[in-house]
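Data first, discussion second: the structure below is written as structure tokens.
The values are calculated or read from the model by the stated rules, or taken from the named source; none is laboratory data. These numbers come from a predicted model, not from an experiment. Cβ sites come from the backbone with ideal geometry, for glycine too, and all protein chains shown count toward neighbours. To get the accessible areas, we keep the full protein, side chains included, count just its heavy atoms, and leave off ligands, DNA and RNA. Shrake-Rupley method; radii C 1.70, N 1.55, O 1.52, S 1.80 Å.
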Amino acid sequence: MHMAVDYAKKIGFKGQFLFEPKPKRADQASVTISTRPPALNFCRAHGLMGHVKLNIETNHATLAGHTMMHELEYARIQGALGSIDANTGDLMLGWDTDQFPTDIYLTTQCMLVILGKGA
């Protein structure tokens, strides 16, 4: 990641690097921990804060046992909210299905976080 950041500086790249932490993998369906704090701790430990932000996905929050609002607010407060993958999934299914968002209330709450961030 340091090489990518250094190269981006060298060529004048102004885009944002993003990590999308995943709380579950298909081969480890029993793992249900949130990966946001470890991802940010990794960035802190390796001097990547400010260079890498988080892409928060609604269904990954669900799979981690959190709400999308929890994940968004956590990333925002840490100054690490980079983007949102606004898909959703089936709350009862237990894996990532990448469906279009259908909950108007959740979508409105997400937009309030974005507007509050000044993005």
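Taking each pair of different alpha-carbon atoms in region 35-106 once, compute 1/r for the pair, average those values, and report the inverse of that mean as the Kirkwood hydrodynamic radius in Å to one decimal. List each step's numbers first, then the result.
On the way: mean 1/r = 0.0784 Å⁻¹.
Evaluated over region 35-106, this radius sits at 12.7 Å.
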Under the rule of at least 5 residues apart or a separate chain, name every residue whose amide H is placed under 5 Å from the amide H of residue 56.
82, 83, 84, 85
Provide the solvent-accessible area of residue 44, counting protein heavy atoms only and rolling a 1.4 Å probe, rounded to the nearest 10 Å².
100
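Probe of 1.4 angstrom, ligands and nucleic acids ignored: what's the accessible area per residue over region 37-78, in square angstrom?
On the way: 1740 Å² over 42 residues.
Using a 1.4 Å probe on heavy atoms only, each residue of region 37-78 averages 41 Å².
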Got a number for the accessible area of residue 112? Probe 1.4 Å, square angstrom, nearest 10.
110
Just by accessible area at a 1.4 angstrom probe, what is the order of 17, 42, 100 from largest to smallest?
100, 42, 17
May I ask for the net charge around residue 18, where only other residues with Cβ less than 12 Å from the Cβ of residue 18 are counted and Lys, Arg are +1 while Asp, Glu are -1?
-2
